[in-house]
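Here is the structure we will look at, set down as structure tokens.
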Amino acid sequence: MEKRQLIDPWGETAIEDYEKLFADFGIRPLKPLIPLIPSPPSFIRRGVIFGHRDLELILSAIKEKKDFAVMSGIKPTGDFHLGALLTAREIVYFQKLGGFGVYCIADIEAYEDNDIPYEESERIAVDNVADVLALGFDPKRGYIYRQSKETRVKDLAFLFGRGVTLATITAIYGERHMGLYMSALVQAGDIMLPQLPDFGGPKPTLVPVGVDQDPHIRFTRDLAQKFHAKYGFYTPSATYHRIVKGLDGSPKMSKRNPMGYFTLAEDLESIKAKLIQAFTGGRATVKEQRELGGEPERCPIYDLNMFYFMEDDDKVVELYINCKNGNLLCGDCKLRTAKVVLGFVKDHQRKRVQNLDKAREILGVN
Ligand code: SF4
């Protein structure tokens, strides 16, 4: 029997075969829905967001101009990284289409999973919120909060606790300490928060996540269905983005190796050095690359362009072809990429500083 891929939201999940997730977990391909998505941004057009659950509910709400929410968040363990950038762009996109945006600072999870004390995550959260504001999140049509300060998500967690046995939660997350199980219940509370009467009651709710977070989505969908009769909850919808490769060639960009990733708060020279030294899909020698061409499919520099930094689809195709046919060499490609990335990060850092006071005000931090 073929083995099912393991997805661990607290581990180092690297997905070998995205197609397999459709059969293994019931995630559905996004492609057939793309023609129904209004002005789809590059990350949707190019399949960076590759799968979904019940996105049709959200698309109907957009079409019929009905209430819906889009919610996601960040674990405040450090500066904004590229995975968080993609999620933030998705929230902003759906907020602009009429969704009520909810952004959670998952400080309980940061404590339980990464042992980050609340005093420290509070400081990190200010920066994270300034980042999401700089990326276009509109606080007038949304809500930003810290889990540890939001009683309503904890109340929901206790309510949901009645719908889960130890056997169920172990089947989803494996054997973990109770703190992580409790933080999973709190996350279910986060996802369902926009459906409480304080936020206008039950409504379609979209949760954009990296595919490694799917266990939280399955868990919460189950709970929403269990408590539907009493509270009228909609089963939350989700979109899933691909996991970006590390600059060091690892299958998942992570903080394990400082040369494998960069953040949006990082010094520009440091980012440039990492890009110049990054692993690529290039060949051992220039001669070989001219003859055989590069392999963009396994190149993190190509991914950076395709996932995040190259808006024009024709330019992405051009990059792919020039890499494949050996016209483009990795040194030149890295320099071009660095120019675009640094331009974006510089502009973002300026906007981020402008949003720090607003972030402190939102979080109630001095
Ligand atoms: Fe990657 Fe660019 Fe080299 Fe192609 S030319 S392998 S895309 S760095």
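The values are calculated or read from the model by the stated rules, or taken from the named source; none is laboratory data. These figures come from a predicted structure and were not determined experimentally. Cβ: placed from backbone, ideal geometry, glycine included. Neighbour counts: every protein chain shown. Remember, those area values only see protein heavy atoms, side chains included, never the ligands or the DNA or RNA. Shrake-Rupley method; radii C 1.70, N 1.55, O 1.52, S 1.80 Å.
Only one of the numbered conditions (1) within 14 Å of the ligand (Cβ to nearest atom); (2) touching a residue at least 24 places away in the same chain (Cβ under 8 Å); (3) of a type in the set (D, E, K, R) is violated by Asp313, and that is (1). Filtering segment 83-94 for residues that are open to solvent by 10 Å² or more (accessible area, probe 1.4 Å), modelled with pLDDT under 95 and out of contact with any helix residue (DSSP H, G or I) (no Cβ under 8 Å at 6 or more places or on another chain) leaves a non-empty set. Scanning segment 319-344 for residues that are under 28 Å from the mean Cα position of the chain (by Cα), exposed (fewer than 15 other Cβ atoms within 10 Å of the Cβ) and not charged (D, E, K, R) gives Leu335, Gly343, Phe344. Could we say that Val365 is touching an Asp or Glu at 6+ places or on another chain (Cβ under 8 Å) and under 19 Å from Tyr261 (Cβ atoms) here? No, not satisfied. Within segment 290-308, which residues are more than 7 Å from the ligand (Cβ to nearest atom) and surrounded by 17 or more Cβ atoms within 10 Å (Cβ to Cβ)? Listed by number, the residues that qualify are Gly293, Pro300, Asp303, Leu304, Asn305, Met306, Phe307, Tyr308.
I'm trying to understand the selection: among the residues of segment 345-363, which are among the aliphatic types (A, V, I, L, M) and open to solvent by less than 70 Å² (accessible area, probe 1.4 Å)? Reasoning before the result, please.
Pass one, segment 345-363, residues among the aliphatic types (A, V, I, L, M): 345, 353, 356, 359, 362-363.
Residues satisfying the conditions are Val345, Leu356, Ala359, Ile362, Leu363.
When His177 is tested against (1) closer than 30 Å to Asp79 by Cβ; (2) under 24 Å from the mean Cα position of the chain (by Cα), just one condition goes unmet, and that condition is (2).
Scanning segment 1-52 for residues that are open to solvent by 20 Å² or more (accessible area, probe 1.4 Å), at pLDDT below 90 and among the hydroxyl-bearing types (Ser, Thr, Tyr) returns a single hit, Tyr18.
Among the numbered conditions (1) modelled with pLDDT under 95; (2) closer than 15 Å to Leu135 by Cβ, the only one that Met310 does not meet is (2). When segment 316-329 is filtered for residues that are more than 9 Å from the ligand (Cβ to nearest atom) and either in contact (Cβ under 8 Å) with a residue 40 or more places away in the chain or among the hydrophobic types (A, V, I, L, M, F, W, C) (or both), the ones remaining, listed by number, are Val316, Val317, Ile321. Among the residues in segment 281-295, are any part of a loop (DSSP other than H, G, I, E, B) and of a type in the set (A, V, I, L, M)? Within segment 281-295, one or more residues are part of a loop (DSSP other than H, G, I, E, B) and of a type in the set (A, V, I, L, M).
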